[in-house]
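Any read-out appearing in this document is the output of simple, stated calculations on the displayed coordinates, not a laboratory observation. Predicted model only: the values in this text are computed from it and were never measured. Please note: Cβ atoms are built from the backbone with ideal geometry, for glycine as well, and neighbour counts cover all protein chains shown.
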Amino acid sequence: MINLAERHQFILNKLQKEGNLNVVELCNELKVSSVTIRKDLKLLEDKNLLFRTHGGATLYNPYIVDRPVNEKEKHQSAEKMHIGAAAAKLVSDHDSIIIASGTTVLAFARNIHQKEGLTVITSALNVALELIQFPGIEVLQLGGLLRKTSSSVMGSYAENILSDFFCSKLFLGVDGIDLDFGLTTTNAMEAHLNREMIRVSQKTIVLADSTKFGRRGFGKICSLDEIDQIITDKGVSAHVVKELESAGITVTIV
């Protein structure tokens, strides 16, 4: 039977490779009970080697702190560009869409090339500046209180403007995706605006790299049953994908 030290080394090696772990998968691979695995994870967390989450563990602190957009843009940049490119294929001529704020949706905006008759509503100043260069794209910039860390607006002014429209798709960036808690961001006012965006959109498409899974921000946007599709990268675990698909969410991995 594999001993304690060997189990811990196996767990840390797997975590380093995958970023997130699931208790059930570890039980099957190590042939031990869930009680044993949970004790192992607690011991490793006490040594500051990982963070425990509901049903598993992660390399990343699940409690998210707000960071400036120019800092966040440097992380997972290749994955964000691939996600953005995949999402851009869902945009067609004469479409009407909402683009929320965040570095992954900015990567998406950078992949939207010339379209005919496309209308974009956005809360993000950097997204608007990216799309304004195309004559075939009509950009409606929401107004309101400027949130400097995300280069976007929020508040009642933006929400009131949204109430006059209905769009085919919302492309939403998030700070955290938790299988139990749902989608979150670090700012409660932005979360409230995102909820209004969901309300006035026929379909909600979440753009999130794999490091966002198993994490929670301060402000809850919505539950998982309120979204239609998630586009992410290959770093997301098979267990998470299975759980999302069982909830009726289309998961696209790029």
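For this structure, a couple of remarks:
- With contributions of -39500 (n - 2.57) from each DSSP H run of at least four residues, the per-residue ellipticity at 222 nm computed over the chain stands at -11000 deg cm²/dmol.
- When +1 charges are put on Lys and Arg Cβ atoms and -1 charges on Asp and Glu Cβ atoms, the dipole computed for the stretch 29-180 relative to its Cα centre reaches about 560 debye.
- When the square roots of the Cα gyration tensor eigenvalues are ordered a ≥ b ≥ c, the ratio a/c for the chain is 1.5 or more and a/b exceeds b/c, which makes its shape prolate.
- Qualifying GluC sites (Glu not before Pro) for the stretch 101-186 [loop in DSSP, other Cβ within 10 Å: at most 14]: E116
- Degrees separating the helix 188-199 axis from the principal Cα axis of the chain, which is the longest one: 70 degrees
- Trypsin sites (Lys or Arg not before Pro), loop per DSSP, at most 15 other Cβ atoms within 10 Å - longest free stretch of the chain: 149-233
- Listed pairs K14/K148; K42/K203; K17/K42 exceeding 29 Å between Cα atoms: K14/K148; K42/K203
- A simple rule links phi to the HN-Hα coupling: the Karplus curve 6.51 cos²θ - 1.76 cosθ + 1.60 with θ = phi - 60°, which for the stretch 215-224 gives 10, 10, x, 5, x, 7, 8, 6, 7, 5 Hz, with x for Gly and Pro.
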